[in-house]
Structure formats: structure tokens, C-alpha cells
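In what follows, a structure is listed as C-alpha cells, so that the remarks can point back to it.
The values are calculated or read from the model by the stated rules, or taken from the named source; none is laboratory data. From a predicted model like this one, the values you see are computed outputs, not experimental measurements. As a convention, Cβ positions derive from the backbone with ideal geometry for all residues, glycine included, and neighbour counts pool all protein chains shown. When the accessible area is computed, the model is the full protein with side chains, heavy atoms only, and any ligands, DNA or RNA have been set aside. Shrake-Rupley method; radii C 1.70, N 1.55, O 1.52, S 1.80 Å.
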Amino acid sequence: WERRACRTGSTVPFGLPPLPRSPPPSSRSPKPPNPRRRRRRRRLELHLLPHLRRLPAPPVIDFPPKEDHGSPCFSPEEISRQSQLLSELSKRVINIVELRRLASQGIHDGAGIRPTIWKLLLGFLPNDRSLWMHELEKKRSQYKAFKDEFLVNPSEVTRRMAESVGAKSEELGAEGSGMLTRSEITHGEHPLSLGKTSVWNQFFQDTEIIEQIDRDVKRTHPDMHFFSGDSSFAKSNQESLKNILIVFAKLNPGIRYVQGMNEVLAPLFYVFRNDPDENNAAAAEADSFFCFVELLSGFRDNFCQKLDNSVVGIRSTITKLSQLLKKHDGELWRHLEITTKVNPQFYAFRWITLLLTQEFNFADSLQIWDTLLSDPEGPQETLLRICCAMLILVRRRLLAGDFTSNLKLLQKYPSTNISHLLYVANKLRGSSSG
């Protein structure tokens, strides 16, 4: 039959018998439509329509193009893990230890569960689901109070004070002589007041920081429409980032705002703003603020300039990375730091302070953060292992390079398979404990 198929010139799948040749179009008579079948199909469509309307809208995805490393989108192991995560989240009391174990291996965006898992991992949500509603209402109300206190314009403050004084004067005037007294702003709240407690004096001191925050927020991920552009959606997201950073700076005068905090905040806000639950998405600003505070508490000392040279500052953290590399790959450590004189501060400062958000595309950064946030020891130890694994994965190029080529390579890290990178980092954990 294969020879007959070749003679007729038709294309036949290997291993299947050839289809019978159809008669010429002129000899075929049109088949009359079956009204019963059409009615049955229409009833089926009407039956499915209400169910289709109840399906949740898919989360908004705005990733830059991600390079394909040849791995399938969903392996059987990944499907099984997502099923286990969904099962764990459905329990009344969630086992955080088990959730950490599953989430550390990655969370798929399509399931729409990353926002909830991150909030649980960061301690924003308690593991008892019955307490969620109360906690969310309390914290979101608290954030609104912070905004009312810290983001109000001083002119609005003085206007309210003037109205308050005026109202009191009217009451006194009605009870007394019938004459209204002139409502005055106290000297301490005058725009030209130099008093330390003056809202205007504080406003002028904060102006420089607020301008810096505004500049940095506008530069956040310029390749993503979610953060950048002239759309009202992008501008709204920028305003939320700016509000969070200003409130944080006001509440933390010892650190205030440090350039780069916008990059650490961006993944949190992106994930929470794309929550399939519309109520949670609308409250992304408040939720991001508290999770940002919790995340930075583990890296607080890296942002405090006064602690740069202390045993807990950023230089000490970079030294720990150097020691970790020396322990696991002495040859590479010697070539980088002694032979080619590549000081780890030249590349690791950005890796550590920005939690690798600038070294990989945004989608890969979220996968790395799944692992960072899942570590019960805190994200810093995991971060150092990932940084060490990054060096080991390009060791052949580094060993063959000089100062210039190695510095260029590490300041613009090449595209890599993130799953393999995290696998190598996890292996370093095992050998460290051994």
C-alpha cells in the first residue's frame, strides 16, 4: 500500500494505511445538514456557558521574552508539586515547613498561587486560614493610617489646623461677644519656621529623598509596561511604589531610603498586583509594604551605611561569599582574587544588595525568589550560596580570563538555566553541612 500511496502523490503518515481517494467534486452531492445534531450542539454550548463565565480571569503576565533552554514547560514532577502546593494551601492550618519545602523548588505562575505563598513565607499571613480576613483588614487599615500621616502635604496640615482653630473661634464668638477672632497658624507650623518639629521644616528635609525615590521608581524595569510607560496603569503602579518607599523612609529614619530599594520592592508589588483575587490585587500596595519591611529586616544591615565596615555590614557579607567560594573551589578563588585581582566587591555588591534582581530577566528573578523566601534560615544564606554557584557555573571562562574579561563577565552575567543554578546552590548547602 505504500507504493500505491506514492503513485497517487498523497501524503500518508508512516504506519497508517492510505485513505481512499475521494471522487471528483462534480460527482459529489452536498450532504444535507442534520438539524438534530445542530440543536444538540447548541444545547451543549448553552450548558457550558455559565461554567465558562465563572472561571477566574488569568493573571496579568508582562514578562520580557525569556530564553528557551530546551526544558519542557511542565514536567510531571512540576505538575505533581503544584498539585501538592494547592492541596497544602487548601488546609485550614497550613504546614509552613512543608510549604517551604515545596515552594523552594519553584512555583508556576499559571496556578496563580505565588502571591499567597509569598505572603505566608514572609509571615504576612498566619498559617491559620481562619485568621486571614482579620489580619488583612487590620494591616491594610494600618497602612492607610501611615499614608494619612506621612504622605499628606504640609499645606493640607496647616489648612486643617486653620479650620480647627476657626471652628473653635466661631463657637467662642457665638457664646461671647458675637465677634469672630482671626484664626492664625502658629509660628511653629509656618512655612518659614526653622523649628525641628515643624511639618514644613520636615517636608523640606524630605524633599531630596522623595525626589530620589521618584527618579529611581521611573527607572524601574523600563522594558516592562507594568512599571514603565505613559499608560495610566503604569503610572498608578509607579505611584504605589513611590508611596511605599516614602512611608518606609519615614518609619525608618536610621536607614531612610537607599538607592536600589525600588528594585527589591518591584518583584513583591508585581506578584501581589497580579493576584487573581481582585480584592487582593487592589490592596497590593498595602500588602507589598508590610512584606517589603519583613524582607528587608533580614538584609537591613546591608543598607545601613554606618555598618558597612562592621561584622554585620555589606563588606562582611561579601567576605562571607569570598570564603564560601574558597571553601568549595579554591582554584577559582585564587585565580579571581590573587591572580587577576578581581575584588568580589566589584560585582557582588549589586548581586547581594539587589537580591539578584538585575542579573537575570524578571521571570527568572521570581523563580530565584521562590527559593530565597522559602529558606527557614532566612534568605541571606541562600543568597550567598546562589552567588557562589553563579561563579562556579562560569568557572572555565573565569579561569581562562584576565581582570578585564572576568570583570565584564561578572558585571553582566550570561543567561543560564535557573533550575540548574538553584540545583548547584542547593548542593553547596549539602557539602557545607558535611
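Only Lys, Arg, Asp and Glu carry charge here, each on its Cβ (+1 for the first two, -1 for the last two); on that basis the stretch 354-404 has a dipole of about 320 debye about its Cα centre. The largest accessible area among Met224, Met133 belongs to the first residue in Met133, Met224, and the rest follow in falling order (1.4 Å probe, all chains). Computed over the stretch 362-434, the range of Cα coordinates on each principal axis works out to 38, 33, 18 Å, biggest value leading. If only the Cβ of Lys and Arg carry +1 and only the Cβ of Asp and Glu carry -1, the dipole of the stretch 105-147 around its Cα centre is close to 240 debye.
Test of understanding: what is the full-extension gain from Asp109 to Phe346, defined as 0.36 nm times their sequence separation minus their Cα-Cα distance? Can you show the working numbers first?
Details: separation 237, 0.36 × 237 = 85.32 nm, distance 3.36 nm.
82.0 nm is the gain from fully extending Asp109 to Phe346.
If you take the Cα centroid of the stretch 274-300 and the Cα centroid of the stretch 229-246, the two points sit 15 Å apart.
Let me check something: with ligands and nucleic acids excluded, how do Asp148, Asp375 order by accessible area (1.4 Å probe), largest to smallest?
Working: Asp148 85, Asp375 10 Å².
Correct descending sequence by accessible area is Asp148, Asp375.
Within the assembled protein chains, the solvent-accessible surface assigned to Ser232 is about 100 Å², based on a 1.4 Å probe. Here the gap between Glu278 and Arg429, fully extended at 0.36 nm per residue and compared with their Cα-Cα distance, gives a gain of 50.5 nm. These residues, Glu359, Glu337, Glu239, go from largest to smallest accessible area, 1.4 Å probe, as Glu239, Glu337, Glu359. Each residue was assigned an accessible area with a 1.4 Å probe, and for Arg385 the value is about 20 Å². Rolling a 1.4 Å probe across all protein chains gives Trp333 an accessible area of roughly 40 Å².
Which of Lys144/Lys235; Lys218/Lys320; Lys341/Lys408; Lys119/Lys235; Lys341/Lys412; Lys119/Lys139 have a Cα-Cα distance over 23 Å?
Numbers: Lys144/Lys235 20 Å; Lys218/Lys320 33 Å; Lys341/Lys408 13 Å; Lys119/Lys235 25 Å; Lys341/Lys412 18 Å; Lys119/Lys139 13 Å.
In this structure, Lys218/Lys320; Lys119/Lys235 lie more than 23 Å apart at Cα.
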